Amino acid sequence: MFQQNQDIFNILSEALSEGIIIVDKTQKIVGVNTSTNEMFGYDEDELTGKPLQLLIPPKYHAVHKDYVKGYTKNSVKRKMGGDRELYGAKKNGKTFPVEVGLNPFEAYGNRYTMALVVDITERKKAIQELKHWATIFDESLNEIFIFDASTLQFIDINRGALNNIGYTLEEMLRLTPVDIKPEYNLEQFNDALLPLLNLEQEKIKFETIHERKDGSIYPVEVHLQLSSLGDQKVFVAIILDITERKNYTNKLEQTVENRTKQLKLALEKEKELNELKTKFLSLVSHEFKTPLSGILTSTILLEKYKLTEQQEKRDKHIKTISSKVHYLNNILNDFLSIERLDTGKVNYNFRDFNLSKVVNEVVYGANMLLKEGQHIHIPENIDEFNLHQDEKILELTISNLIHNAIKYSPENTTISIAVKKETKNMIFMVIDEGRGIPKKDQKHIFNRYFRAENVLNDQGTGIGLNIVKGHLESLGGTIRFESEEDKGSIFIVELPITYKE
Ligand code: ADP
């Protein structure tokens with residue numbers, strides 16, 4: 001009978017993949033099955049009669065002894081170890097994790113324990129791996145969203161995503177991606193998923209925005225893939241918050257735009273300068289040619305008047321030469337002024353002086369230029385004006401305005417000067433009854449080299465007013481004008497009575 005039982009036990013135990021170890025109450029091994037031998041690396045019958053300790057790593061021997069004591073007192077069928085991790089020792093000394101079930105039984109009046117041992121190395125590895133993936137999922141700095149492929153309902157969201165989006169996991173599980181993507185409605189989002197569902201693409205990537213629980217939004221790059229959880233089809237979305245990248249791109253775009261603008265401006269300036277240069281050269285040749293040929297004619301004629309009584313004629317030509325040289329000299333001075341103004345090399349000279357002195361000197365010189373019947377009217381209150389300014393610049397200003405008034409007014413007209421004193425400023429006006437400035441040209445009058453359409457047959461360079469304006473602004477003053485074609489012009493200069501250095 002016993003032999004029969006033994007045989008049945010043997011057949012059963014050999015069929016089991018778990019290891020079976022039977023020990024007596026002294027913890028001596030009385031029998032093992034093949035699985036045990038394979039698991040621990042022993043030959044058949046090698047273990048019988050050996051202490052169980054042999055199969056337990058030495059560092060657990062003490063714990064095991066205590067355990068056996070407790071177990072013997074209260075021996076019922078149970079899993080060994082509770083939550084503790086148990087290890088077995090192979091013949092070659094290697095340890096491996098095991099799960100052990102204990103079954104006490106009695107035979108022939110003796111107590112035995114049958115241990116069912118399972119090698120859980122693979123299971124542990126799998127669990128470890130799962131844990132590893134779970135950690136990666138949860139701790140990923142990218143946001144990971146998993147949602148059902150048919151209902152689109154969220155199934156799982158990692159911590160990174162929850163932190164950014166602001167919802168709790170429970171709240172998220174009631175939502176779909178459409179709820180956090182303000183740029184998509186259900187139909188549009190379903191359309192976007194189509195290539196994945198139709199298996200036309202393995203992965204799709206697009207940029208959009210996500211809306212947080214608090215209503216704020218952030219730009220994202222979405223990477224979507226179809227996957228499965230058991231037999232449930234799901235989408236896995238990895239989301240990159242691209243706020244920083246967008247900021248950087250925006251900044252870069254802004255910089256490129258700014259640089260392009262600057263470059264365009266520089267190019268325009270360059271073009272403008274080139275045009276000015278051409279204009280300047282043609283102007284110089286024109287402006288110099290006329291007086292030079294006048295001078296030449298006068299010298300040729302001078303040679304002809306050899307007789308003593310022809311002194312009057314000689315004087316006339318000498319005067320012409322002198323005035324033309326004077327004119328050329330003025331133009332050259334103007335050009336030099338421009339150069340100094342542009343390079344900031346003007347040295348102003350501030351002194352106390354009386355306005356009447358300056359006006360008288362200018363008017364004295366201008367009288368020689370007056371046309372038939374023209375005269376200059378000077379106000380009587382002019383003596384009251386004492387200034388602390390650059391006298392030469394004021395002289396240059398007044399002479400420019402008066403010369404223009406003479407040049408651009410016909411015979412038999414009056415040119416008037418008017419002055420007004422304000423608290424801090426002096427206002428100086430030159431009024432003429434000349435041809436005026438056409439409306440369409442008025443806004444350009446102070447531009448360098450600009451000359452109005454109605455003066456192109458007269459000599460001139462278009463430099464004077466530009467220089468005057470430049471100087472006046474350096475001295476804290478302004479210049480403006482009012483003009484009507486064929487009626488006349490008023491040029492108004494405003495200048496601080498005392499220049500504050
Ligand atoms: P220029 O007289 O050498 O041409 P300005 O710089 O002194 O240069 O003057 C610029 C332009 O302003 C003149 O060409 C002319 O068209 C206009 N202008 C200046 N003053 C007068 C004025 N009193 N009457 C009419 N036009 C004027």
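The values are calculated or read from the model by the stated rules, or taken from the named source; none is laboratory data. These numbers come from a predicted model, not from an experiment. Reconstructed Cβ throughout: ideal geometry from the backbone, glycine too, with neighbour counts over all protein chains shown.
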Hey, any hits in the stretch 204-224 for a residue that's over 27 Å from Lys246 (Cα atoms), among the hydrophobic types (A, V, I, L, M, F, W, C) and modelled with pLDDT of 90 or more? no
Considering only the stretch 486-500, I want to know if a residue exists there that is touching a Lys or Arg at 6+ places or on another chain (Cβ under 8 Å), more than 23 Å from Ala366 (Cβ to Cβ) and hydrophobic (A, V, I, L, M, F, W, C). yes
Given the residues Leu12, Leu16, which is the only one that is modelled with pLDDT under 80 and touching a helix residue (DSSP H, G or I) at 6+ places or on another chain (Cβ under 9 Å)? Leu16
Given (1) touching a Lys or Arg at 6+ places or on another chain (Cβ under 7 Å); (2) in a helix (DSSP H, G or I), index of the condition Val346 fails: (2)
Would you please list the contacts, defined by Cβ atoms under 9 Å and residues six or more apart or on different chains, that run from a residue in the stretch 404-416 that is on the phi > 0 side of the Ramachandran plot to a residue that is away from the ligand (no atom under 11 Å from the Cβ)? Asn412/Lys371; Asn412/Glu372; Asn412/Gly373; Asn412/Gln374
Filter pass, Leu307 being surrounded by fewer than 11 Cβ atoms within 10 Å (Cβ to Cβ), of a type outside the set (D, E, K, R) and either touching a His at 6+ places or on another chain (Cβ under 7 Å) or farther than 30 Å from Val430 by Cβ (or both): yes
When the stretch 142-157 is examined, which residues are found to be assigned to a strand (DSSP E or B) and touching a residue at least 40 places away in the same chain (Cβ under 8 Å)? Glu143, Ile144, Phe145, Ile146, Phe147, Asp148, Ile155
Considering only residues of the stretch 458-467 that are assigned to a helix (DSSP H, G or I) and hydrophobic (A, V, I, L, M, F, W, C), which is farthest from the ligand (Cβ to nearest atom)? Ile467
Out of the stretch 101-159, which residues are surrounded by fewer than 16 Cβ atoms within 10 Å (Cβ to Cβ) and touching a Ser or Thr at 6+ places or on another chain (Cβ under 8 Å)? Asn103, Phe105, Arg111, Thr151, Gln153
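Could you grab me the full set of residues in the stretch 7-63 that are among the small types (Gly, Ala, Ser), farther than 20 Å from Phe96 by Cα and outside any helix (DSSP H, G or I)?
Gly31, Gly49
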Select from the stretch 468-501 the residues that are assigned to a loop (DSSP other than H, G, I, E, B) and surrounded by 21 or more Cβ atoms within 10 Å (Cβ to Cβ) and list them in ascending order. Gly477
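For Ser337, are the conditions met, namely being away from the ligand (no atom under 15 Å from the Cβ), in contact (Cβ under 8 Å) with a residue 24 or more places away in the chain, among the hydroxyl-bearing types (Ser, Thr, Tyr) and part of a helix (DSSP H, G or I)?
No; evaluated as a whole, the condition is false for this residue.
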Scanning the stretch 349-359 for residues that are touching a residue at least 40 places away in the same chain (Cβ under 8 Å), outside any loop (DSSP other than H, G, I, E, B) and not aromatic (Phe, Trp, Tyr), the one nearest to Thr498 (Cα to Cα) turns out to be Arg351
